[in-house]
Amino acid sequence: MPKLPSITSRKLIKILKSLGFQLDHSTGSHFIFYNPKTKKRAVVPFHTKDLPKGTIMSILKEASINRKEFEDLLR
C-alpha cells in the first residue's frame with residue numbers, strides 16, 4: 001500500500017465538504033464538521049503545517065472514510 005500523502009488542514013476541509021460535511025462549530029483552533037446524512041462528525045485541527053499522517057488517519061476513521069476513497073478524492 002502506498003504511503004499516505006501529507007496534506008494541510010485546508011485541503012482536508014475541502015475534501016470533507018465535498019463529501020457532504022458541514023461546519024458545525026469551532027473550538028479554539030479546531031473545526032468540528034458534521035455530516036447530516038451519515039450522522040458522523042470529524043474534528044480537524046486548523047494549523048499552517050501539514051497534518052501528521054496519524055492525525056489524518058484518525059480523522060478519516062471518525063468520518064467513516066476509507067483510505068482508497070480518500071486517495072481517489074486527492075486526485
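Each value in this text was obtained by applying a stated rule to the coordinates, not by laboratory testing. All figures in this text were calculated on a predicted structure; none of them were measured in a lab. Note that each Cβ is placed from the backbone with ideal geometry, even for glycine, and that neighbours are counted across all protein chains shown.
Taking 0.36 nm per residue of sequence separation and removing the Cα-Cα distance, the PHE46/LEU4 pair yields an extension gain of 13.2 nm. For the stretch 1-51, the relative contact order comes to 38 percent (Cα pairs under 8 Å, sequence separation of at least 6).
Taking other Cβ atoms within 10 Å as a rough exposure proxy, PHE21, PHE70 sort from fewest to most as PHE70, PHE21. Using the Cβ-Cβ distance between ASP72 and GLN22 with R0 = 30 Å, the FRET efficiency computed as 1/(1 + (r/R0)^6) comes to roughly 0.90. Going from the fewest other Cβ atoms within 10 Å to the most, the residues SER26, SER18 appear in the order SER18, SER26. Estimated purely from DSSP H runs of n ≥ 4, each contributing -39500 (n - 2.57), the mean residue ellipticity at 222 nm for the chain is -10500 deg cm²/dmol once divided by its residues.
Report, ordered by chain and residue number, the lysines lying within cross-link reach of LYS37, taken as a straight Cα distance under 29 Å and ignoring same-chain residues fewer than 8 apart. Straight-distance partners of LYS37: LYS11, LYS14, LYS17, LYS53, LYS61, LYS68. Packing, as the average of other Cβ atoms within 10 Å across residues, places the peptides 56-66, 31-41 in the order 56-66, 31-41, highest first. Of LYS53, LYS3, the sequence from fewest to most neighbouring Cβ atoms within 10 angstrom is LYS3, LYS53.
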